[in-house]
Structures are given as C-alpha cells and as structure tokens.
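*Asks:* Okay, here's the structure, questions in a sec.
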Amino acid sequence: MWDSFLIFLAKNPLMVSLLPLVLSAILYFGRKSLKYKILSATFLFVGIVIGSVLHFRWDSFSVHFWEIQDHRVSHNDKILFVGDSITCEGSRPRGFITKIQAVLHIDVRTLCHNGATSATIIDLIDFYKEEFNPTVIFAQSGINDLLNGRTNKQISESQQHLFNKLSNKFPNSKVVFLPIHPLKIEKNIIATITTHHPTNFQPWWENTGTFVRDFLLDDGVHLSAQGHSLLAKAITNKIISINS
C-alpha cells in the first residue's frame, strides 16, 4: 500500500506540490479566529517550502515538462517495457517508468525478472499471454549476460534473438533496444559494452566516468534515482520522436 501511495505521488507531481497550499487556504478561510489565522499562515509558509522542494528538488519530480521536446503523444499509446531488474525497478516509486508516466499519458505494461539474461527474457515472452498490443516496446538486456561471462559478440547475438522474438510476437510494434549502460564491475574496473543493436537508441549518458560516479548505486550495476531520471528523460524524448 505504501509503495502504491508513493507511486501515485510520483505520477502526480503538480498535484502533490499544490496540496499543502490548498490545505492551508482551506484552513485560513475556514476559521476566523486569530489563532487559526496564525496557524494557517505558518502552514502556508511550510506548504510553500514543502511544495517547492517536492517539485524542484526531490528526485521523483526531477523530470519536468520543460526538459522534454514536446507532449504530442496519443493517449492511446501503449508501451511495453521488457528486461531484467533495471526494468523491474523502473516501476518503483522513483523508477524511470514511473517518472515517464508522470509526464506522458500512456498505457504501460512491464515484462521483467530480476537477474534475467537475454535467454531468460525470451522465455518470459514465450509465456506472455496478456492481450496487449503495444505501439512501442523498449527492450533492455545484456547486463546479466555480461556478469555470467558472455562476450560482447555473444551478447549481441542473444539480443538479436530477443529482437526477433519480440518482432515475431508483436509484428505491429516498434522494438527499441536500450544500450547497456556503463558498469563498475570491480573497484577500479569500468565495463563499457558496445553491441550491435537491432534498433538505434543512442547512449543516454554523456561521460562514462561521471555516469558511474553519479548515476549508479554502490553495487556498480543498478541505477540510482538520478540515473532513473536520466533514462526516463531519454526514453520520453524517444517516445515523442516516434510519434512526431
């Protein structure tokens, strides 16, 4: 229940930012005594501070309308996100999928499994029975292939198989592969994986060293809240460009 509440907050940043102001106004105009006037004025000040922090600082609200190219996305657009734990975490309160839903009115489904390799994700697709015809599929895989000792060439081949599986199962959908972000697999070793993606989605980070330092958790693999924001912005712009 708590996660659901946090996800609701993350998807409705403007509403949450204005809520303290609305409550203080109700308190101010609803009572006439001086005590309530002082209390409401105090609450109004606190509400302004809290609302500003929520909207401009707290990372769940860091994907703003003016940071993306446009908002001409059909309300009928259906997006399927496929992947491993990165994708699974995307639907958490501060995850990239939740952030995308805060700025775009889209119908979203996720198909993911923690620790999944590309082969595991293919199995998930085989058993996927839901009647859902996505406009766009964002596929994410390869990290666990790498951690299991597979080479770049093997990862590329596995991703190609995954692409073929998605294309066959969803023939009317556009499939977009996310590039594997830089990983810090050991204390001083940064892994950058270049695979031949079936579709063109450019790296969504600017500098490898900065990305590893600022946008990954301590495990060197999973995205921080800021990392999810960075990915959310890139995917949001991709969705918009597809619809342009």
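*Asks:* Working only within the range 211-225, note down all residues that are without any contact (Cβ under 8 Å) to a residue 40 or more places away in the chain, surrounded by 15 or more Cβ atoms within 10 Å (Cβ to Cβ) and touching a Ser or Thr at 6+ places or on another chain (Cβ under 9 Å). Don't jump to the end; show me each part of the working.
*Replies:* Step one: of the range 211-225, the residues without any contact (Cβ under 8 Å) to a residue 40 or more places away in the chain are 211-220, 224.
Now restrict to residues that are surrounded by 15 or more Cβ atoms within 10 Å (Cβ to Cβ): 211-212, 215-216, 220, 224.
Residues satisfying the conditions are Phe215, Leu216.
*Asks:* Filter the range 235-244 down to the residues that are of a type in the set (A, V, I, L, M, F, W, C) and crowded, with 19+ Cβ neighbours inside 10 Å, then identify the one that is farthest from His113 (Cα to Cα). If you could, list the steps in order and put the result at the bottom.
*Replies:* Here is the first cut: in the range 235-244, the ones of a type in the set (A, V, I, L, M, F, W, C) are 235, 239-240, 242.
Those left that are additionally crowded, with 19+ Cβ neighbours inside 10 Å: 235, 239.
Details: Ile235: 20, Ile239: 23 Å.
It comes out as Ile239.
*Asks:* Then there's this: Out of the residues in the range 144-156 meeting the condition of being polar (S, T, N, Q) and free of Cβ contacts under 8 Å to residues at least 60 places away in the same chain, tell me which one is surrounded by the most Cβ atoms within 10 Å (Cβ to Cβ). Don't jump to the end; show me each part of the working.
*Replies:* Keep residues of the range 144-156 that are polar (S, T, N, Q), which gives 144, 148, 151-152, 154, 156.
Cutting the leftovers down to free of Cβ contacts under 8 Å to residues at least 60 places away in the same chain gives us 148, 151-152, 154, 156.
Details: Asn148: 12, Thr151: 11, Asn152: 15, Gln154: 16, Ser156: 20.
Going through the qualifying residues, I end up with Ser156.
*Asks:* I'd like to know if the range 67-81 contains one or more residues that are surrounded by fewer than 19 Cβ atoms within 10 Å (Cβ to Cβ), at pLDDT below 75 and part of a helix (DSSP H, G or I).
*Replies:* Yes: the range 67-81 contains one or more residues that are surrounded by fewer than 19 Cβ atoms within 10 Å (Cβ to Cβ), at pLDDT below 75 and part of a helix (DSSP H, G or I).
*Asks:* From the list Ser156, Ser167, Ser118, exactly one residue is farther than 24 Å from Asp77 by Cβ, assigned by TED's automatic domain parsing to the domain that holds Glu89 and out of contact with any helix residue (DSSP H, G or I) (no Cβ under 9 Å at 6 or more places or on another chain). Which is it?
*Replies:* Numbers: Ser167 fails: farther than 24 Å from Asp77 by Cβ; Ser118 fails: out of contact with any helix residue (DSSP H, G or I) (no Cβ under 9 Å at 6 or more places or on another chain).
The unique qualifying residue is Ser156.
*Asks:* Ok, one more. Of the residues Leu124, Leu162, which is part of a helix (DSSP H, G or I), touching a Phe, Trp or Tyr at 6+ places or on another chain (Cβ under 9 Å) and more than 23 Å from His228 (Cα to Cα)?
*Replies:* Values: Leu124 fails: touching a Phe, Trp or Tyr at 6+ places or on another chain (Cβ under 9 Å).
Of Leu124, Leu162, the one residue that is part of a helix (DSSP H, G or I), touching a Phe, Trp or Tyr at 6+ places or on another chain (Cβ under 9 Å) and more than 23 Å from His228 (Cα to Cα) is Leu162.
Okay, residues lined up against (1) assigned to a loop (DSSP other than H, G, I, E, B); (2) at pLDDT 75 or above; (3) in the same structural domain as Gln160 (by TED's automatic domain parsing); (4) surrounded by 12 or more Cβ atoms within 10 Å (Cβ to Cβ):
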position	(1), (2), (3), (4)
Thr195	yes, no, yes, yes
Pro198	yes, no, yes, yes
Pro203	yes, yes, yes, yes
Glu206	yes, yes, yes, no
Gly209	no, yes, yes, no
Gly227	no, yes, yes, yes
Leu230	no, yes, yes, yes
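*Asks:* Okay, next question. Restricting to the range 101-116, name every residue that is under 16 Å from Val176 (Cβ atoms) and either in a loop (DSSP other than H, G, I, E, B) or free of Cβ contacts under 8 Å to residues at least 24 places away in the same chain (or both).
*Replies:* If the condition is that a residue be under 16 Å from Val176 (Cβ atoms) and either in a loop (DSSP other than H, G, I, E, B) or free of Cβ contacts under 8 Å to residues at least 24 places away in the same chain (or both), then Leu104, Ile106 are the ones that fit.
*Asks:* Further question on the same structure: Give the range 112-134 a look and list any residue that's among the polar types (S, T, N, Q) and within 20 Å of Ser156 (Cβ to Cβ), or say none. Give the derivation first.
*Replies:* Start the filter on the range 112-134 by keeping residues that are among the polar types (S, T, N, Q), which leaves 114, 117-118, 120, 133.
Those that are among the polar types (S, T, N, Q) and within 20 Å of Ser156 (Cβ to Cβ): Thr117, Ser118, Thr120.
*Asks:* Just checking, which of Lys184, Lys153, Lys169, Lys129 is farther than 19 Å from Cys112 by Cα and out of contact with any strand residue (DSSP E or B) (no Cβ under 8 Å at 6 or more places or on another chain)? I'd like the intermediate steps shown before the answer.
*Replies:* On the way: Lys184 fails: out of contact with any strand residue (DSSP E or B) (no Cβ under 8 Å at 6 or more places or on another chain); Lys169 fails: farther than 19 Å from Cys112 by Cα; Lys129 fails: farther than 19 Å from Cys112 by Cα.
None of the others qualify; the one that does is Lys153.
*Asks:* Right, something else. For the range 165-179, give me each residue that is out of contact with any Phe, Trp or Tyr (no Cβ under 8 Å at 6 or more places or on another chain) and either assigned to a helix (DSSP H, G or I) or touching a residue at least 12 places away in the same chain (Cβ under 8 Å) (or both). Full working, then the answer.
*Replies:* In the first step, residues of the range 165-179 are kept if they are out of contact with any Phe, Trp or Tyr (no Cβ under 8 Å at 6 or more places or on another chain); the result is 165-168, 170-174.
Correct list: Lys165, Leu166, Ser167, Asn168, Phe170, Asn172, Ser173, Lys174.
*Asks:* Something else: Exactly one condition in (1) in a helix (DSSP H, G or I); (2) touching a residue at least 60 places away in the same chain (Cβ under 8 Å) is not met by Ala119; state its number.
*Replies:* Ala119 satisfies every listed condition except (2).
*Asks:* Go through the range 127-148 and give me each residue that's assigned to a helix (DSSP H, G or I) and closer than 9 Å to Asp84 by Cβ. Don't jump to the end; show me each part of the working.
*Replies:* As a first pass, look at the range 127-148 and keep what is assigned to a helix (DSSP H, G or I): 143-147.
Within the range 127-148, Ile143, Asn144 qualify.
*Asks:* Scan the range 157-174 residue by residue and report those that are surrounded by 19 or more Cβ atoms within 10 Å (Cβ to Cβ) and closer than 24 Å to Val221 by Cβ.
*Replies:* So in the range 157-174, the residues surrounded by 19 or more Cβ atoms within 10 Å (Cβ to Cβ) come out as 158-159, 162-163, 165-166, 170.
Those that are surrounded by 19 or more Cβ atoms within 10 Å (Cβ to Cβ) and closer than 24 Å to Val221 by Cβ: Ser158, Gln159, Leu162, Phe163, Leu166.
The values are calculated or read from the model by the stated rules, or taken from the named source; none is laboratory data. Predicted model, so just to flag it, every value in this text is computed and none were measured. Ideal geometry is used to build each Cβ from the backbone, glycine not excepted, and the neighbour counts take in all protein chains shown.
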